[in-house]
Structure formats: C-alpha cells, structure tokens
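The structure appears below as structure tokens.
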Amino acid sequence: MDSAEEPRHVLQVKQYLIAPFPSTAHENVDGAVAQPYEQFDGNHIRDSVPLLVERRANKP
C-alpha cells in the first residue's frame, strides 16, 4: 500500500466501526482510531496499519 492509500483505508476502518452503531458520536470513533494510528506512526511497514488500528480501536 502506498502512502496515498493509507488515509482511505483508515477512513474505511472508521466507517466499518460506525456501521453497527450509527447513533455513536463520530468523535468517539475518531478518537478510538486516532490513538492506535498514532502509535504506528513511524513504522516502516504500513500495509497492516489499518487492520491493526481497527483491532485496537474495537477493543473495549
């Protein structure tokens, strides 16, 4: 995945997390995704970042 595709994939993760709970505030999902996404900043292998972000954001 190139760097231009990553934001699109992260947006898809947000949409996936919001879909089952449409009444959830988008800001909550944004925050849940932003924190793990920042943890992966600087990693050289980026292909798995959206999946890892989804898994960490989806933990209770």
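Values quoted throughout were computed directly from the atomic coordinates according to the rules given, and no laboratory measurement underlies them. Bear in mind the structure is a predicted one, so any value in this text is a computation, not a measurement. Cβ placement follows ideal geometry from the backbone for every residue including glycine, while neighbour counts extend to all protein chains displayed.
Just add up the charged neighbours of PHE40: K/R +1, D/E -1, any other residue whose Cβ is under 13 Å from the Cβ of PHE40. Please list the in-between numbers first.
Working: positive: ARG46, ARG55, ARG56; negative: GLU6, GLU38, ASP41, ASP47, GLU54.
It works out to a net charge of -2.
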Taking max minus min of the Cα coordinates of the chain on each principal axis, largest first, gives extents in Å of 35, 19, 15
Run the dipole for the chain about the Cα centre, Lys and Arg Cβ at +1, Asp and Glu Cβ at -1, nothing else charged, and hand back the magnitude in debye, nearest 20. 260 debye
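Once you keep just the Cα pairs under 8 angstrom separated by 6 or more residues, what percentage relative contact order results for the chain?
Reported as a whole number, the value is 44 percent.
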Between the modelled labels at HIS26 and ARG8 (7 Å from Cα along Cα→Cβ) the distance in nm is 2.0 nm
